[in-house]
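Derivation of every value follows stated rules applied to the coordinates shown; laboratory data play no part. A quick note: this is a predicted structure, and the numbers were derived from the prediction, not measured. Glycine gets a Cβ as well: all are built from the backbone with ideal geometry, and neighbour counts include every protein chain shown.
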Amino acid sequence: MLESVRTFDAKYHQQLLVAEWIITLLFTVEYIARIICIRRPWRYIFSPYGIIDLLATIPLYLSYIIAGSQMLLALRALRLLRIFRILKLARYLGEASQLKRAIAASRVKIFVFIYTVLILSVIMGTIMYLIEGSEAGFTSIPRSIYWTIVTLTTVGYGDIAPQTDLGQVIAAFVMIIGYGIIAVPTGIVTSEFTKQRRMLDKTHSNTQVCRNCNADVHLEGAKYCHKCGSLLNE
């Protein structure tokens, strides 16, 4: 029985090793092809993704070249970081671009909001430190501020909790404020997103329709179709 288990493990290990070599060779071919195809190979090689691709490829080769380098095989897990490449697809989505512009346009408002929340956390944390004290776990002002942020964001770890009646009243007040605060960034971005959308609609307010391809929604004052290039209003 033990011998059969060992045989199965050896066979299974051999299959995994073959699969590992196949995957590594595919990664190697892709890495070399990228260097050959692009105009500026050094820019790709020293880019974050280029470094990840290199680190994800060389450990298996080094394990057979350098003695004691088997620990480098752990770097193969960096291949999992390739999944973040799907984020590149966001640039091809029109709504994602509008959301990006909305967030960029509202960054000042969001910064002011976060600054206000931090000031509120410092004030409420200091008050809770004075009311509760170290007996209830509020051993310092920074720790009290930590409790305020945890309560304000409605996380509520429960590692620190007020014991006095006044402290519990203040905690309830912080919780209620937390629910209202959650909606503020969403409202800021949504408002800016709506503004961006209205500006886009005004820009594309031309009602001319192309006689060649029937495309509409042209820019104001456009002379040519944005789809087929035909002259409008011939």
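Loop-located trypsin sites (Lys or Arg not before Pro) in region 15-50 (DSSP state other than H, G, I, E, B) with a sparse environment of at most 12 neighbouring Cβ atoms within 10 Å: Arg39.
Taking amide H as placed 1.01 Å from N in the peptide plane, Tyr224 has its amide H under 5 Å from the amide H of Leu232, each at least 5 places away in sequence or on another chain. Summary of the geometry: region 110-128 and region 11-33, compared by the centres of their Cα atoms, lie 52 Å apart.
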